[in-house]
Amino acid sequence: MAEVVVVENLVKKYGNVMALKGISFTVGHGEIFGLVGPNGAGKTTTLRILATLLTPTSGRVEVLGHDVVTERDEVRKLISYLPEEAGAYPYLTGREYLELMAKIYRVGREAVEEGIRIAGLGDAIDRQVRTYSKGMKRRLQLARALMVRPRLAILDEPTSGLDVVHAVHVRKMIKQYAREHGVSVLLSSHNMLEVHYLCDRVALIDEGVLKLIGKPDELLEEYGASNLEEVFVKVVAHA
Ligand code: ATP
């Protein structure tokens, strides 16, 4: 069966800035795949291209065999995307927001119930989003992204800025969805502990170049490191 994601020789230029210099990787069915790398490495650019929001300069990028440029609408039916700075409508309650998203994505009542479970916000689901903390908003956004059961969830720094309790909840839900529902996940993160816990494989991008790719434990062995931070520092020249 085809891979869920195929990225081959992907190049992205913003004017004179070469943000991606020909990266290649694949993501398999039900796999959680993590992109790591310093600020400005090209992670968000890669995720936005897969989410069909940016056009690549060159290279092949496919989701379940569909090209992200020429078959954009097909790809959009297969994915959900959680941007780094996702906002929900402040004057809707959490429940109303999920109901609205269910209508937009044409999924039924069960999806909303599932979203409410994923968010795990208790009674606060009936409060307006403007009263939520950052962690609560992120949980609602994650619920929105997973409740539609995409074939591929693209999550840009899903736990960035969250406290331990919220971050643990978000990671647990991501893992559960990948394991129980076969959702493939492509995420970015600066938290190496998180990446080690969550990801089946990880790729390190530095200045638009893919420096390494592999299973977390195998990378530790290969680099004689006790954690992924050490691997990161060994590979990223200016770290
Ligand atoms: P971070 O970890 O800080 O989120 P990142 O790995 O996600 O970084 P990108 O946001 O993909 O990195 O940026 C990659 C490079 O492309 C950087 O040099 C950035 O300055 C540049 N870049 C991103 N967006 C644009 C844009 N719209 N116009 C020009 N340059 C851009």
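Test Thr26 against the criterion of being open to solvent by 20 Å² or more (accessible area, probe 1.4 Å) and within 14 Å of the ligand (Cβ to nearest atom), and give yes or no. First the steps, then the outcome.
Working: open to solvent by 20 Å² or more (accessible area, probe 1.4 Å): yes; within 14 Å of the ligand (Cβ to nearest atom): no.
No; evaluated as a whole, the condition is false for this residue.
Check every one of the helices (runs of 4 or more DSSP H) wholly within the range 102-216 and list those with 1 or more residues that are under 30 Å from Lys234 (Cα atoms), touching a residue at least 12 places away in the same chain (Cβ under 8 Å) and open to solvent by 20 Å² or more (accessible area, probe 1.4 Å).
Working: elements: 109-119, 134-147, 164-181, 192-198.
Once the helices (runs of 4 or more DSSP H) in the range 102-216 are filtered for at least 1 residues that are under 30 Å from Lys234 (Cα atoms), touching a residue at least 12 places away in the same chain (Cβ under 8 Å) and open to solvent by 20 Å² or more (accessible area, probe 1.4 Å), what remains is 164-181, 192-198.
Would it be correct to say that Glu3 is out of contact with any Phe, Trp or Tyr (no Cβ under 8 Å at 6 or more places or on another chain), of a type in the set (D, E, K, R) and open to solvent by 60 Å² or more (accessible area, probe 1.4 Å)? Yes: the conditions hold for Glu3.
Let's see how each residue does on (1) assigned by TED's automatic domain parsing to the domain that holds Leu187; (2) within 11 Å of the ligand (Cβ to nearest atom); (3) in a helix (DSSP H, G or I):
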position: Val11; (1), (2), (3): yes, no, no
position: Lys21; (1), (2), (3): yes, yes, no
position: Leu35; (1), (2), (3): yes, yes, no
position: Ala41; (1), (2), (3): yes, yes, no
position: Thr45; (1), (2), (3): yes, yes, yes
position: Glu99; (1), (2), (3): no, no, yes
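One residue stands out among those in the range 81-97 that are in contact with a helix residue (DSSP H, G or I) (Cβ under 6 Å, 6 or more places away or on another chain) and assigned to a strand (DSSP E or B): the one that is surrounded by the fewest Cβ atoms within 10 Å (Cβ to Cβ), which is Thr93.
The values are calculated or read from the model by the stated rules, or taken from the named source; none is laboratory data. In this text the structure is predicted, and so the values were computed from the model without any measurement. Cβ coordinates were reconstructed from backbone atoms using ideal geometry, including for glycine residues, and neighbour counts include every protein chain displayed. Areas reflect the complete protein model, heavy atoms only, side chains present, ligands, DNA and RNA absent. Shrake-Rupley method; radii C 1.70, N 1.55, O 1.52, S 1.80 Å.
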